[in-house]
Amino acid sequence: MHVTQVKHTLISDDVYRRLRDAIFSGELASAQRLDIKRLAEEFGVSNHPVNEALNRLALEGLVTVKPRSGTFIRTLTLPDIHHILDARLMIETFAVSSISDPSPDSLAVLAEKAAVLSGVANEEPFRFGAYNEADIGFHETLVELSGNPELLRLYRSLHAHFVTARAYFGRALEKAIANEDDHRDIYLAIVRRDYGRARNLVLRHITDAKEGVLGIVQNAGVRL
């Protein structure tokens, strides 16, 4: 039973990653309806792991489930992007401003997240999905350092990193290289208890990301 469960979980995870990457790359287009049976046939699996993968993508805000209509790739408008990234900016800057005497263990976790980001950013070939997951881990840890679990819950519900990922898929390595120093500098400012500098660095980091996403969407006519 245990072996069967592990195998089933691995299949579901694989389907999830493949669907997520297809969404990021635009292979699955905005507003496209997803046929569970057809996807199961394409992946050579039963319907169950496809359903599990779609439920996970729905929780991450990448697909939308409409009762009696089906499951669709979520479409994001320019106002949606503005609102999501502004909310991320507000939560992260407030969270960093609220940090007070973090424990050595929590700083060690942040250091580990920064190291993972740096490692993935310098891998060849570059793995976009792994980098995005590492980026999420670093920023969620920042918010967690505020000591406010409700703030972390709200932050996670934004799915802001997936908005960024969908825009930056084609130039992900460029983004990773540009952001690598930011993450290190934010970590060092927090270690030195210079929370004002850490807040300003986070402010710049997210503002740059927002301008980058909006620039890609507006100039290239990308539909997220």
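Taking the criterion of being more than 15 Å from the chain's Cα centre (by Cα) and under 23 Å from residue 182 (Cβ atoms), would at least one residue in segment 75-82 satisfy it?
Checking segment 75-82: at least one residue is more than 15 Å from the chain's Cα centre (by Cα) and under 23 Å from residue 182 (Cβ atoms).
For segment 137-192, which positions are buried (at least 21 other Cβ atoms within 10 Å of the Cβ), of a type in the set (Lys, Arg) and over 26 Å from residue 26 (Cα atoms)?
Answer for segment 137-192, where residues must be buried (at least 21 other Cβ atoms within 10 Å of the Cβ), of a type in the set (Lys, Arg) and over 26 Å from residue 26 (Cα atoms): there is none.
Can you tell me how many residues within segment 144-183 are in contact with a Leu (Cβ under 9 Å, 6 or more places away or on another chain) and farther than 28 Å from residue 58 by Cβ?
4
Among the residues of segment 1-58 satisfying the criterion of being out of contact with any strand residue (DSSP E or B) (no Cβ under 7 Å at 6 or more places or on another chain) and basic (Lys, Arg), which is modelled with the lowest pLDDT? Break it down stepwise before answering.
If we filter segment 1-58 for residues that are out of contact with any strand residue (DSSP E or B) (no Cβ under 7 Å at 6 or more places or on another chain), which is where we start, we get 1-22, 24-27, 35-53, 55-56.
Among the residues that remain, those that are also basic (Lys, Arg) are: 7, 17-18, 20, 37-38, 56.
Working: 7: 56, 17: 91, 18: 93, 20: 92, 37: 95, 38: 95, 56: 94.
Among those residues, the one meeting the criterion is 7.
Quick check, is residue 68 of a type in the set (Lys, Arg), in the same structural domain as residue 162 (by TED's automatic domain parsing), free of Cβ contacts under 8 Å to residues at least 60 places away in the same chain and surrounded by fewer than 20 Cβ atoms within 10 Å (Cβ to Cβ)?
no
With respect to residue 111, is the statement that it is surrounded by 15 or more Cβ atoms within 10 Å (Cβ to Cβ), of a type outside the set (Phe, Trp, Tyr) and without any contact (Cβ under 8 Å) to a residue 12 or more places away in the chain true?
no
Output the number of the condition that residue 211 fails; it satisfies all remaining conditions of (1) loosely packed, with under 15 Cβ neighbours inside 10 Å; (2) touching a Gly at 6+ places or on another chain (Cβ under 7 Å).
Only one criterion in (1) loosely packed, with under 15 Cβ neighbours inside 10 Å; (2) touching a Gly at 6+ places or on another chain (Cβ under 7 Å) is unmet by residue 211, namely (2).
Hey, among 27, 42, 52, which residue is outside any helix (DSSP H, G or I) and over 17 Å from residue 160 (Cβ atoms)? Break it down into steps so the answer makes sense when it comes.
On the way: 42 fails: outside any helix (DSSP H, G or I); 52 fails: outside any helix (DSSP H, G or I).
The match here is 27.
The values are calculated or read from the model by the stated rules, or taken from the named source; none is laboratory data. Model, not experiment: these values are computed from the prediction. Glycine gets a Cβ as well: all are built from the backbone with ideal geometry, and neighbour counts include every protein chain shown.
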